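Worksheet: the structure to be examined is printed underneath.
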Amino acid sequence: MTTHALAGSYWKEITAPTVKVGAVDKALKSIHAYDGSAWKETYSAGPDWANMAIGTRIEGGMFAGITGNKAIIMKILPSPTSYYPVWQWAHGMTVVLGMTSNGYSDWVLPNQAELTTIVNNKTTLNALGVGGHLTTITTYFWTNEEGSNPLYALAIRFNTPYLSTRLKTSMYSVIAVRLVTI
């Protein structure tokens, strides 16, 4: 158990037994808050990822879908010259891995399954005004996966989705994601 002091009040976190949320076992986090007169207790199993609407703003980005046991939170990286900046693969990796946005620093380039999930949800994301014109983009976006030849990396053409190996020195767009285990 950890006890924290915050502006004259105290709270402590206790991990409780797991509960079933949908088909997933979740560890409940018990929050005990002391308001100066009594301890109050609440429990939370975290966000209901399985029922969350695509495009919900959460945890520093936008909920873009689920792949496997991971919720995908995306952030499109604007630049001064383009809404979808283009970079060589290594530079895109460096920018995303080194970024801090909305207090989160665990951003990565998506793998092909994660980026395909985003592509498959692009119509919903576009309707919400997320990321410009996602349904009309014809460019490739880098994944975090290298090709069998070390000079190449995998990229997905956003409008199809067509997976292709591309020279790492090619200039393509990137989407940063955070992955939350559910």
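Just so it is clear, none of the values below were taken in a lab; they were calculated from the coordinates. The shown structure was predicted, so the numbers you read here are calculated from the model rather than taken from an experiment. Every residue, glycine as well, gets a Cβ built from its backbone with ideal geometry; the counts of neighbours run over all protein chains shown.
General observations
- Residues Ser105, Ser170, Ser148, sorted so that the one with the fewest Cβ neighbours within 10 Å comes first: Ser148, Ser105, Ser170
- Calculated FRET efficiency for the pair Thr181/Thr94, C-beta based, R₀ 22 Å, to 0.05: 0.30
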